[in-house]
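Trainee: To start, I am sharing the structure in question, which I have written as structure tokens.
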Amino acid sequence: MENKVALKDIAQLFLKIGTIGFGGPAAHIAMMQQEVVEKRNWLTEQHFLDLVGATNLIPGPNSTEMAIHIGFEKGGYKGLLFAGLCFILPAVFITGIFAWLYKEYGQIPEVQPFIYGIKPAIIAIILGAIFPLAKKSLKTVPLFFIGLLVLLGALLQVHELYLLFGAGFLALFLSYFQNNKNKSALSFIPITIFQITNSTLLSENSAHLFWIFLKIGAILYGSGYALFAFLDTELVTTGLLSRQQLTDAIAVGQFTPGPVFSSVTFIGYQIDGFKGALVSTLAIFIPSFLFVAFLNPLVRILRKSVLFSNFLDAVNVASVAVIIAVCIDLGKETITDWRTIFIAILSITIAFGYKKINSAFVVIGGALLGYLLQFI
């Protein structure tokens with residue numbers, strides 16, 4: 001078991017990442033890798049990679065669950081809560097401000113000039129962190145080819161859940177023929193979420209929101225786009241929210257730091273004010289804490305199993321391939337002119353050449369360059 005660290009250190013780290021963590025789950029995980037593996041040596045490269053792979057196999061926001069995993073590793077159940085809450089709260093607070101402005105004035109502040117420069121810088125941060133993870137995960141020739149297959153599937157928009165489990169089971173299939181002496185079988189333990197009774201303090205709207213977002217948090221795999229589809233079905237088609245409000249909510253979640261699931265804070269506020277925002281936020285993140293508390297102790301145990309170790313190795317490779325595919329898609333969307341090319345090249349040079357520079361400076365530098373270069 002890894003050595004424990006002070007809760008205040010866990011809180012400070014994840015407050016920082018939650019405050020400057022622009023760019024979605026891949027960027028958040030890249031920042032965590034830089035902080036907890038390279039700078040602080042809290043986790044080994046291999047164990048961090050195992051946690052990334054395990055996180056991709058359960059529902060919920062991947063980067064939030066990685067924060068919770070790391071908190072649990074370094075501070076037990078208290079660390080789990082501190083890491084998760086400190087990572088989530090900055091995004092919830094900032095999103096809450098946007099939600100209030102939107103409800104009062106019908107629009108959100110213009111931030112596009114800054115996002116224009118942040119996105120190319122985020123790609124550099126992701127690539128800088130994913131490179132050592134890729135080297136660590138590609139242990140054998142079969143794993144290299146599994147990674148290529150997953151990358152191709154991800155670029156062809158195959159659902160990441162099929163890719164991750166498909167990679168794992170393909171590795172098991174190959175392992176069966178390579179090592180017949182191991183006849184152990186995998187067993188999967190179903191995860192159960194205990195029901196929470198409705199509080200009499202909640203309005204009908206807030207109680208309804210609680211159950212909607214608890215369900216989504218417990219079953220949702222995939223990106224913010226998958227969240228959009230769920231919310232469209234649950235809220236727009238039932239008349240609780242307009243499609244424009246939903247689109248604006250997802251946009252706020254995308255351009256604010258921290259998890260995109262903070263979009264539900266915005267949505268809850270539009271439907272039932274502060275109480276709706278609080279209930280919605282709690283509900284969508286509760287399953288992540290429960291899943292990680294259940295899964296984390298199993299990761300080290302399963303790594304010792306030859307059969308499951310092969311499965312986990314393949315899932316790790318698949319996770320890296322999916323993140324690379326995210327970078328490629330993000331690059332096609334954002335690196336479109338000489339300004340973004342310049343920001344991307346400069347950011348990549350810094351990310352690979354000056355690894356000790358905090359990723360926050362790369363993000364801030366990208367934002368400022370994006371704003372200033374538009375005047376040229």
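Trainee: What number of residues within the range 239-257 satisfy the criterion of being in a loop (DSSP other than H, G, I, E, B) and either farther than 25 Å from T19 by Cβ or touching a Gly at 6+ places or on another chain (Cβ under 6 Å) (or both)?
Mentor: The total comes to 5.
Trainee: Within the set of pairs 6 or more residues apart or between chains, which connect a residue that is on the phi > 0 side of the Ramachandran plot and open to solvent by less than 20 Å² (accessible area, probe 1.4 Å) inside the range 79-99 to a residue that is part of a helix (DSSP H, G or I) and at pLDDT 95 or above with Cβ atoms less than 7 Å apart?
Mentor: Qualifying pairs under 7 Å: none.
Trainee: So which residues in the range 318-376 are of a type in the set (K, R) and open to solvent by 60 Å² or more (accessible area, probe 1.4 Å), if there are any at all?
Mentor: Those that are of a type in the set (K, R) and open to solvent by 60 Å² or more (accessible area, probe 1.4 Å): K332, K355, K356.
Trainee: Of the numbered conditions (1) closer than 14 Å to I126 by Cβ; (2) aliphatic (A, V, I, L, M); (3) in contact with an Asp or Glu (Cβ under 8 Å, 6 or more places away or on another chain), L312 fails exactly one; give the number of that condition.
Mentor: Of everything listed in (1) closer than 14 Å to I126 by Cβ; (2) aliphatic (A, V, I, L, M); (3) in contact with an Asp or Glu (Cβ under 8 Å, 6 or more places away or on another chain), L312 misses just condition (1).
Trainee: Just the residues that are open to solvent by 50 Å² or more (accessible area, probe 1.4 Å) and either in a helix (DSSP H, G or I) or polar (S, T, N, Q) (or both), please, taken from the range 299-313.
Mentor: R300, I301, L302, R303, V306, listed by residue number.
The values are calculated or read from the model by the stated rules, or taken from the named source; none is laboratory data. None of the values given here were measured: they were computed from a predicted structure. Neighbour counts run over all protein chains shown; Cβ positions are idealised from the backbone, glycine included. For the accessible areas, the whole protein counts, side chains as well, though only heavy atoms, and no ligand, DNA or RNA atoms are used. Shrake-Rupley method; radii C 1.70, N 1.55, O 1.52, S 1.80 Å.
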